[in-house]
Amino acid sequence: MKPIYFTQFLFTAILFLGLSFSAQAQTGKPKSPPVTASHTVADLTIDINYNAPSVRGRKVWGTLVPNGKVWRTGANSATTFSVNKDVLINGEALAAGKYALFTIPGDGEWTIIFNKEANQWGAYSYDSGEDALRITTKTGQAPEFTEQMTFKVGDNDENIGVVSFLWENLQTSFSVSTANQK
């Protein structure tokens, strides 16, 4: 091989290796991966789409997520909550559709907000005038430490949907039933 060709070959090989390492670094596991929690109760379907942050040794409540301020309830885009039928959330009416699910954390209780503007990045352009429903829930000690923020959707014995939020050592829940069922 002539020296000029060897130099070009070496340069190309180094460039190729650098680009492949860069591509591998960009395709690593995201810190707050997208998650979907879904459940069907009778003919009611509940879907929650969110990005799930992890504790990673941080103090979450009152520090990472401040009390008394609107929170996107996850990371990145606002969490969305969808139902295929008109429902009652803890007994309060909410029309079928897709909503941004925001929360206002507090000591011992949270405000859960269903906002009509479902496609938002974080809570930066949150407008309370677009709220379809606000409810208050009690918070409590989770049964175990939850590293990655989690929504669980299930049902109770009366075929009423139950949405539970768990992260760190905290949990809160609310019920979801069809509008003609209490």
Checked the range 135-182 against the a/c 1.5 cut and the a/b vs b/c comparison, axes a ≥ b ≥ c from its Cα gyration tensor; verdict prolate
Honestly the range 61-127 on the Cα gyration tensor test (a ≥ b ≥ c root eigenvalues; a/c under 1.5 rounded, otherwise a/b vs b/c for prolate or oblate) is just oblate
For the range 31-178 (alpha-carbon point model, no solvent) the Debye-based log₁₀ I(q)/I(0) at q = 0.16, 0.17 Å⁻¹ works out to -0.82, -0.94
Over all Cα pairs of the range 97-182, the Kirkwood radius sets Rh, and Rg/Rh then becomes 0.98
In the range 30-99, the trypsin sites (Lys or Arg not before Pro) that sit in a DSSP loop and have at most 14 other Cβ atoms within 10 Å of their own Cβ are LYS31, ARG56, ARG58, LYS59, LYS69
Taking r as the C-beta separation of ASN156 and THR136 and R0 as 25 Å, the FRET efficiency to the nearest 0.05 is 0.80
By the Cα gyration tensor axes a ≥ b ≥ c (a/c under 1.5 gives rounded; else a/b larger than b/c gives prolate, otherwise oblate), the shape of the range 25-108 is oblate
Env charge @ ALA118, Cβ radius under 15 Å, K,R +1 / D,E -1, value -2
Karplus ³J(HN,Hα) for the range 119-130 (6.51 cos²θ - 1.76 cosθ + 1.60, θ = phi - 60°; Hz, whole; x = Gly/Pro) runs 9, 9, 8, x, 10, 5, 10, 4, 10, 4, x, 9
Of all GluC sites (Glu not before Pro) in the range 116-160, the ones in DSSP coil with at most 12 other Cβ atoms within 10 Å are GLU158
Total charge of the residues flanking GLU130 in space, meaning their Cβ is under 14 Å from its Cβ, with Lys and Arg +1 and Asp and Glu -1, is 0
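Each value in this text was obtained by applying a stated rule to the coordinates, not by laboratory testing. All values derive from a computational prediction rather than experimental measurement. Glycine also receives a Cβ, built like all others from the backbone with ideal geometry; neighbour counts cover every protein chain displayed.
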